[in-house]
Amino acid sequence: MSNKQPKFHSLSRRIMAQFCLFSLFMAVIYGLMSFTLLYTLEDRFIEREVQQEADYLRQGYLQTAQWPAPQSANMTLHFDRHSFPTDMRQQSIDEPNRREFYGQQGRHYHLYHFNDYDNVYLLSEVSDSLLVRPVREGVIQFLAWGGALLTLIACLIAWLLGRKTAKPLKQLANLVDGVAPEQLPQKFAHQYPRNEIGILARTLEQTMSQINLAMEREKCFTRDVSHELRTPVAIIKNAVELHQQSPNTDNSEAIIKRIGEAANQMEQTVTTLLVLARHEHSLADKQAVKLLPLIEQAIIDHQYLLTDKHIEIEVDDHCDVSIISQPGMIKVLLDNLLSNAFQYTERGQVSVSFNANTLTIADTGPGIANDISAKVTEPAVKGSQSTGYGFGLSIVKRLCEHQNWQLSVQSQQGTAVSVCFLPSRN
């Protein structure tokens, strides 16, 4: 199979070529019309002279019953076609309705037939009266040179017009041609005129913006999956190792149950992250989710982070509420907030409270820098990374933006992360 690329055709050259061809065509048409007009005017003048002479002859015949001699020396009166000059006689006989004849040696005849009198003809030899035919070659040359000059001027105008018209298109093509996916241009449509090219530029800008967002969501999804699946995978591995060490114990049912719960958590986590990776903020499939059981399960799943640490965990009774959310969202939120609190707190307390539709998880860890905590609550910006405060809060931030929850972080002596939900139900 041939890999030969199609030949590139310049838009400006096409505009110029088509404009020039159109101008040349119009010049030819105008020349033919001008030439036809000259011949028509010449014939009209000759026919008017012949008609005037015919009217004089008819009037003389009516007065004297005799046909008078023609006034013009180049006109003769005939009463039979056989009396016509030999160089046009036969043509007249063969074509009785013909009115104009070409003779020998440049002679030219106009024939007038008196319709009210049979076999009476007025023949005019008008060779000396012709104006256009003697200068025909000069007229043709003039029209040809004029058409060529007009076509040249039209080509120049078309070249300037084509360059001006194609310039923004060429700039737009150079902007998007061969650009790397990670370097897609942004905010360039305002540089182009408010016409069809501007519409194309705005459409390309919107499309590239959507591509950028899709690529960013794909990167976040890949990163988040690797982060979120560590805990359930670790649970499954620990359960399998425990079963391998003591295969005949009575804990097999509990181990299998724990593996099943971890697998369900993995499935739920992947589903949640896929929702986050989509563009739409869907309200479908939302339901009331009990908060307290999810808090307890998250504490159990991440208790391995508390090994050899002197930490007291306190869960407020007000956490026994229901939150309207898509399945899995609250679980991912709690897993990330509690895992961060457990991981970065060496001693002291981790408290979970709920008040005025707001969940707060506070710890007595070292806290985070002010500039990093400010980043967490700022709207997401394309290309922003979670470096400095962990993937956990990065996922929490995007999850809250997706669900229209309000996230706030306070860090002085320890860290307190608050998430304000939609109105809850007890």
**Asked** Any residue in the stretch 114-135 that is of a type in the set (A, V, I, L, M, F, W, C) and more than 19 Å from Q52 (Cβ to Cβ)?
**Response** yes
**Residue within the stretch 393-409 that is in a helix (DSSP H, G or I), modelled with pLDDT under 90, in contact with a Gly (Cβ under 7 Å, 6 or more places away or on another chain) and under 20 Å from R230 (Cβ atoms) present** = no
**Prompt:** more than 21 Å from R258 (Cβ to Cβ) and either surrounded by fewer than 21 Cβ atoms within 10 Å (Cβ to Cβ) or out of contact with any Pro (no Cβ under 7 Å at 6 or more places or on another chain) (or both): does that describe E312?
**Reply:** yes
**Request:** Among the numbered conditions (1) at pLDDT 90 or above; (2) assigned to a helix (DSSP H, G or I); (3) among the aliphatic types (A, V, I, L, M), tell me where I313 comes up short.
**Result:** (2)
**Asked** Looking at I153, I140, I157, which is the one that is part of a helix (DSSP H, G or I) and closer than 18 Å to L41 by Cβ?
**Response** I140
**Message:** Given the criteria at pLDDT 85 or above and over 19 Å from K290 (Cα atoms), does T364 qualify?
**Reply:** yes
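The values are calculated or read from the model by the stated rules, or taken from the named source; none is laboratory data. Since the model is a prediction, treat every value here as computed from it, not as a measurement. Cβ atoms come from the backbone with ideal geometry, glycine included; neighbour counts cover every protein chain shown.
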